[in-house]
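Structure first, then comments.
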Amino acid sequence: MYRAFYQLQKTVNYKNIAVSDLFCSTAFKEAQARLDYMKNKGGFVMVNGSSGVGKTTLLRSFAESIDQKFFKITYLPLSTVSVSDFYRQLAYLLCGQTLYKKDILFRTI
């Protein structure tokens, strides 16, 4: 029904849309610019927002735009944890180490 209304030739699976085919709204372009700034400046980036706002799409687009030999993209699904648990997850994803003292975790990261 919606395919006929929008004159689509096939069912759209939004998770498989090529980055080059994405609609880039003003907000999307601004978010991309912020990610590019941090890529050039160096540091950590955290992307958060309500469900369905385009976080995954933004990060897919960003991941395709960088040389992954020089950057490591990680995903932390557990965001409601203590600071120590957050550091532990990040250290494990970046270095493969599970450490327990917060100061050592921070330095390792």
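A compact table of results
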read-out: Among 22, 93, 78, residue whose mean-square fluctuation peaks in a GNM of the chain (springs only between Cα atoms under 10 Å); value: 78
read-out: Correct option for semi-axes √(5λ) of the Cα gyration tensor in Å [calculated from the coordinates] among (i) 34, 16, 13; (ii) 23, 17, 11; (iii) 25, 21, 12; value: (i)
read-out: Theoretical ellipticity at 222 nm over the chain - DSSP helices of four or more residues, -39500 (n - 2.57) apiece, nearest 500; value: -14000 deg cm²/dmol
read-out: Percent RCO, i.e. relative contact order, over the chain, from Cα pairs under 8 Å lying at least 6 residues apart; value: 15 percent
read-out: Full-stretch length increase - residue 66, residue 47 - with 0.36 nm per residue and alpha-carbon distance subtracted; value: 5.2 nm
read-out: FRET efficiency for residue 80 and residue 102, using Cβ-Cβ distance with R0 set to 25 Å, rounded to 0.05; value: 0.90
read-out: Accessible-area value, residue 57, 1.4 Å probe, nucleic acids and ligands omitted, Å²; value: 40 Å²
read-out: Solvent-accessible area per residue, Å², over the chain with all protein chains present [probe radius 1.4 Å]; value: 83 Å²
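The values are calculated or read from the model by the stated rules, or taken from the named source; none is laboratory data. Given the structure is predicted, the values throughout are model-derived calculations rather than measurements. Because the Cβ atoms are built from the backbone with ideal geometry, glycine has one as well, and the counts that use them run over all protein chains shown. Surface areas here come from the heavy atoms of the whole protein model, side chains and all, with no ligands, DNA or RNA. Shrake-Rupley method; radii C 1.70, N 1.55, O 1.52, S 1.80 Å.
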